[in-house]
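Scroll down for the structure; my scribbles are underneath it.
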Number of protein chains: 4
Amino acid sequence: MDKVLKIGIIGCGAIGKDHCRRIIETVPGATVVAVSDYVAAAADETAAKYGIKSYGNDCDGMIKDPEVEAVVITSIDPTHHDYVMKTLAEEKWCFCEKPLSQNAKDCEEIIRREQEIGKRLVQVGFMRHYDRGYAEMKRIIASGELGKPLIIKACHRNVSQGPGFKTENGVTNVAIHELDICRWLLDDEYEDVQCVKVRQSSNSDKGYDNPQVMLMRTKKGCFIDVEVQVADGYGYDIQCEVVCENGTVKLPDPYAVVCRSRPAGWDSVKPAESMPIMTDWKERFIEAYDIEFCKWVESVHAGKLTGPSSWDGYVACVAGDALNASRGTSQFLKVETMEKPEMYK
Amino acid sequence: MDKVLKIGIIGCGAIGKDHCRRIIETVPGATVVAVSDYVAAAADETAAKYGIKSYGNDCDGMIKDPEVEAVVITSIDPTHHDYVMKTLAEEKWCFCEKPLSQNAKDCEEIIRREQEIGKRLVQVGFMRHYDRGYAEMKRIIASGELGKPLIIKACHRNVSQGPGFKTENGVTNVAIHELDICRWLLDDEYEDVQCVKVRQSSNSDKGYDNPQVMLMRTKKGCFIDVEVQVADGYGYDIQCEVVCENGTVKLPDPYAVVCRSRPAGWDSVKPAESMPIMTDWKERFIEAYDIEFCKWVESVHAGKLTGPSSWDGYVACVAGDALNASRGTSQFLKVETMEKPEMYK
Amino acid sequence: MDKVLKIGIIGCGAIGKDHCRRIIETVPGATVVAVSDYVAAAADETAAKYGIKSYGNDCDGMIKDPEVEAVVITSIDPTHHDYVMKTLAEEKWCFCEKPLSQNAKDCEEIIRREQEIGKRLVQVGFMRHYDRGYAEMKRIIASGELGKPLIIKACHRNVSQGPGFKTENGVTNVAIHELDICRWLLDDEYEDVQCVKVRQSSNSDKGYDNPQVMLMRTKKGCFIDVEVQVADGYGYDIQCEVVCENGTVKLPDPYAVVCRSRPAGWDSVKPAESMPIMTDWKERFIEAYDIEFCKWVESVHAGKLTGPSSWDGYVACVAGDALNASRGTSQFLKVETMEKPEMYK
Amino acid sequence: MDKVLKIGIIGCGAIGKDHCRRIIETVPGATVVAVSDYVAAAADETAAKYGIKSYGNDCDGMIKDPEVEAVVITSIDPTHHDYVMKTLAEEKWCFCEKPLSQNAKDCEEIIRREQEIGKRLVQVGFMRHYDRGYAEMKRIIASGELGKPLIIKACHRNVSQGPGFKTENGVTNVAIHELDICRWLLDDEYEDVQCVKVRQSSNSDKGYDNPQVMLMRTKKGCFIDVEVQVADGYGYDIQCEVVCENGTVKLPDPYAVVCRSRPAGWDSVKPAESMPIMTDWKERFIEAYDIEFCKWVESVHAGKLTGPSSWDGYVACVAGDALNASRGTSQFLKVETMEKPEMYK
Ligand SMILES: [Mg+2]
Ligand SMILES: [Mg+2]
Ligand SMILES: [Mg+2]
Ligand SMILES: [Mg+2]
């Protein structure tokens, strides 16, 4: 491949380091030329490992470096909007991990900026679009072989959260993936939403709601029920079923060896056929991350982005705000967005 | 078995005839001594087949026949309440198919009458309590091994409805089984409910809503989502998953042979591993019906009913009314019942 | 049902008592009028429980009792042949648990006797013919929708054996069910067989081979591989897959609730989706036993047996002998039977 | 990555072109610098596509090119041995698609040559070692948690074969993957084998046997049954189950979306839960191919090969020859290999 996209990464935490390795070692047509981080030493360490340039904590300087053609933003959530805007100021390609911003107003600013430039430059890191299971579900739904989609039943269960996690984050940091993927599977937009408080797990006495149920209705009338567990469940378990007029289609569980046995502990444990469940979210979508970056680099080389857009980041944000606002009301609240710009259609 | 319970059946339609055969041929300790039906000829025909007495359309006479010790009511829904009350007037055992009555007030009358008699005499035909799958789910939930139950996700899909079916019947005749079984699985009562209109199937243009989604919340805060399809789907498909604090438990699909093949039509159809889905609801719970009657007769011989009670029939009725009232409101409505009499605790 | 078949049971051990209860309580058109057992007290106890006649250890007397119309033989294996012959001497119906006899010569004698009488009077207790899974497999194979059957892969795993169990019993008492069911599924007869010694389980140091593999080839060229485990495995697990020209068909696992969880022991055990496996063989085919007796009684009332015949009992015996003879030879041995009498075709 | 392994490819057919793309675009630390093919134009075309050197049909010249550090052999089977020997003459790294040679003698020559050089230089393309399912099975077996492995049941079904396919190729080109993977899973060597002719599919009247069954016994006594279908079945279907002392472990089916529906054709087709089966073998192990090359390049950079060796290619060849020799004998034939050189232990 002749052209190599030169990338700078902002944020050298776990995911930033992993994306750095991914781009350098496995993504064809792209490499990382510079890294930066709020903590200068983190950038220095990553840079040293791959023999590339460290900007230390001078993230703004790195964005302006003429050698940097594209910026990957994996810094902490509250900084995303600012770095996206600065990258757009340079009219460079920008790959931003979700969420695009902390609120709808900030997303709108990004959308307006892309309108002024007249070209999509931002892709949001909704990697599930690149998961083979979701992609096949979308293909089947779009083919019409099962008739129109009517209902989605999803769940997002995981095992633990970092310090500072709040009830609202169950929507904006966890269910945000479902907020995005349901629109994408249905090719539809949200009409109204309702976040329902349900019986709480006694395992999870940390000051935030767990579990929560999020109900969404779309413009075309589809009904969506998303169960969200953020802590102390049995594993990392992502389920999604779309009920259509003539049948249903279901996300498969990850590829896993099946055992039939009676495990050690012989006397108390009953024999079973069993299939392991993951506990770590990073494994579950590892292949999707790989494909996501390969496709992003391909589309950058082709000069036209095809992955999740600023609009997608914006809608997830608006729907999330409405869900959080509906909590405790026992009612559906409207999801009101600006007109969708031509560029994102 | 020494004692044989002598039963009279009201209603000789499809299910009445099947129960008659079941009791005579397969239920130990019980037999049918007389039948009656609104259409006298139907009763005569069934009676002739088994060499038993026909009361023609004199159902009231049959109830009073001193030889009849117990009455099984399988007549059309609007007649249930009246026949139950007449059976209770004789202080005889009464097995009534669901629904117990057409409204909450009528159920309350039955409950009051049982209170006066001072003994449970009525069992309602909620046969899912006797399905091996639901029974095992209840055992697991009650054992506490998965922690407290938090959420139920269920669906009830079937293929067609008779003439005169209305939107409201999707609740009172179809989802009524879920209204009953969810309370039973959770050992809990409903707090409020909401019936949600969702995107409609274009296959199903018959003047009633299809599908519908029913949301229920319990006193203990459990959240229940029941999808109901009443027509033109792919088959008869009953699903139920209970999400607990430490895991989930799921109703199995019926026992079915698995094929791996490419069916006739070879060129257009892709090869698949496949497991058949039923289209006829009668097959699905056939074994539960058998067990239900055996257990009912056993409990009658023991002098103390243990199956679904008048209270269970009443609560299903009250919840169904609230669901129907909530349609179109986008809100949860309270489910308000009388105090639960000691007898049913 | 007007006619009631009056049955005498020889053998009041676990299975004899269970069949007694089954016939009295659940099989329509039949009842037990007398019982006998090598241990007189066992017969007396069972008789007392149901208020029927005990012949004590006078089994021969019971067979001759004019009131006894049919004899069910559930005594120990070596006595089967003698009781069948004595029942045939009375020209009464005879239901004999497997095996029909201890060797081929004895089976031939039974077959010759039935020929003389000119009518099938004996049914062998191969209850798997009445299992819904096997029955559906047979229906699919016979329909031809998957093309001709070519290969069967089966396994029979169980947990423990009584005292005195020998390597040969792995064929004649355990795999005998597969010897029967494979012929039935394929509608074919055995050509040659080979019993292969394989790596032995170190859990199972009791003096008999475990596991063993039995290979059979049929007249039509089908190949059959049956794995037999008789002790110390994880559970009672019966598997069967028939490979046909255009696809395969597989016996389903028993109906079982599916859990997704991390069980107690939390830290060391990985979360899994799991489905329980049985440990007790009696549960697995309980429904088949019920159906088997109902069908047997029906066919007796109709005057013509349709279930597994003396011929079926004979062929299983001949094939079993050849398998045992082949052990250690690394060769296929011929299975040579007499001509199949018209009566069994 | 600093070091880039410079590879020359012999053979620019389907798989050669795919490996070329794989190495250039997705394998870090390696690139293709030259290609050659028996048909010069094929080499020229591939070379032009990637802007690399074409040796036309001068494969020998390409092997000697000092810039070429490693040779990937994807030419037709009969040429493998010669190109491996020529690559070893240069003491260069060699990646050879299966089979390593056409007979055991030729494999031995390769093994002797590696002994003289004193270092493993050859890796054979048994890519299943890199399949996540097989790798997890091996991990579980090796962990001992299920006890010792006792029996393997495998099948290899595919849809069609190219012209010139013979019965023997069912062993040497198809089952060769199972011949390799079973040894690897069990960490054991073959003792004797038997190829059994079974009932033939009438769909497959092309002059070669289909299906065939291959039986193998190992030094440790494990028994292996491999069903091989090479044509006209329903799809590409790879199954493998290892029966251990305390349980079994089973290769999962590929990740696939599950539908519950009644497909078009509505009236004749029964509704089903279904999971698609592949028809193209290239899809099934696509990820394994990617991982295989990444790991090979990694191990070359580390200076010590870890993947399938000449010995592995040799044993598969010897076992395949014995299987073919046993056809029609109804007997197990010994598998006799030379002593295993230290280098491969
Ligand atoms: Mg790269
Ligand atoms: Mg009865
Ligand atoms: Mg009976
Ligand atoms: Mg490369």
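Observations, loosely collected:
- For the condition modelled with pLDDT of 95 or more, surrounded by fewer than 20 Cβ atoms within 10 Å (Cβ to Cβ) and within 21 Å of A:THR337 (Cα to Cα), A:GLU108 qualifies.
- The residues of the stretch B:147-168 that are buried (at least 18 other Cβ atoms within 10 Å of the Cβ), on the phi < 0 side of the Ramachandran plot and more than 19 Å from the chain's Cα centre (by Cα), listed by number, are B:LYS148, B:PRO149, B:LEU150, B:ILE151.
- Every residue from the stretch B:303-345 that is of a type in the set (Ser, Thr, Tyr) and assigned to a helix (DSSP H, G or I): B:SER310, B:TYR314, B:SER326, B:TYR344
- Among the candidates C:VAL68, C:VAL33, residue that is among the aliphatic types (A, V, I, L, M), in the same structural domain as C:SER299 (by TED's automatic domain parsing) and in a strand (DSSP E or B): C:VAL33
- Some residue of the stretch B:131-139 being under 30 Å from B:GLY164 (Cα atoms) and either surrounded by 16 or more Cβ atoms within 10 Å (Cβ to Cβ) or touching a residue at least 60 places away in the same chain (Cβ under 8 Å) (or both): yes
- Counting residues in the stretch B:278-296 that are outside any loop (DSSP other than H, G, I, E, B) and within 7 Å of another protein chain (Cβ to nearest Cβ) gives zero.
- Qualifying residue in the stretch B:237-247 (condition: out of contact with any helix residue (DSSP H, G or I) (no Cβ under 9 Å at 6 or more places or on another chain), modelled with pLDDT of 95 or more, surrounded by 23 or more Cβ atoms within 10 Å (Cβ to Cβ) and farther than 30 Å from D:ASP237 by Cβ): yes
- When D:ASP58, D:ASP65 are checked against the criterion of being surrounded by fewer than 23 Cβ atoms within 10 Å (Cβ to Cβ), closer than 24 Å to D:VAL300 by Cα and away from ligand 4 (no atom under 16 Å from the Cβ), D:ASP65 stands alone in meeting it.
- Test: C:ALA48 is within 14 Å of chain B (Cβ to nearest Cβ) and either among the small types (Gly, Ala, Ser) or within 16 Å of ligand 2 (Cβ to nearest atom) (or both): yes
- Total residues in the stretch C:14-29, condition within 16 Å of B:GLU298 (Cα to Cα) and either within 11 Å of ligand 2 (Cβ to nearest atom) or outside any helix (DSSP H, G or I) (or both): 2
- Count of the stretch B:293-345 residues which are of a type in the set (A, V, I, L, M) and over 30 Å from A:ARG217 (Cα atoms): 6
- Residue within the stretch A:80-94 that is without any contact (Cβ under 8 Å) to a residue 12 or more places away in the chain, loosely packed, with under 15 Cβ neighbours inside 10 Å and outside any helix (DSSP H, G or I) present: no
- Residues that are under 26 Å from the mean Cα position of the chain (by Cα) and of a type in the set (Lys, Arg) were ranked within the stretch C:6-63; the one that is farthest from ligand 1 (Cβ to nearest atom) is C:LYS6.
- Checked against (1) part of a loop (DSSP other than H, G, I, E, B); (2) among the hydrophobic types (A, V, I, L, M, F, W, C); (3) more than 11 Å from every other protein chain (Cβ to nearest Cβ), C:VAL300 meets all criteria but (1).
- Whether a residue is more than 30 Å from A:GLY144 (Cα to Cα), touching a Leu at 6+ places or on another chain (Cβ under 9 Å) and at pLDDT below 95 was assessed, and D:GLY320 passes this test.
- Residue ID - farthest from the other protein chains (Cβ to nearest Cβ), chosen from residues in the stretch A:1-16 that are surrounded by fewer than 20 Cβ atoms within 10 Å (Cβ to Cβ) and away from ligand 4 (no atom under 16 Å from the Cβ): A:GLY13
- Matching residues in the stretch D:148-178 - criterion: being under 24 Å from D:TYR130 (Cβ atoms) and part of a loop (DSSP other than H, G, I, E, B): D:ASN158, D:VAL159
- Strands (runs of 3 or more DSSP E) contained entirely in the stretch A:179-274, each with at least 2 residues that are more than 9 Å from every other protein chain (Cβ to nearest Cβ): A:190-197, A:212-218, A:223-229, A:237-244
The values are calculated or read from the model by the stated rules, or taken from the named source; none is laboratory data. Quantities reported herein were computed from a predicted structural model and do not represent experimental measurements. As a convention, Cβ positions derive from the backbone with ideal geometry for all residues, glycine included, and neighbour counts pool all protein chains shown.
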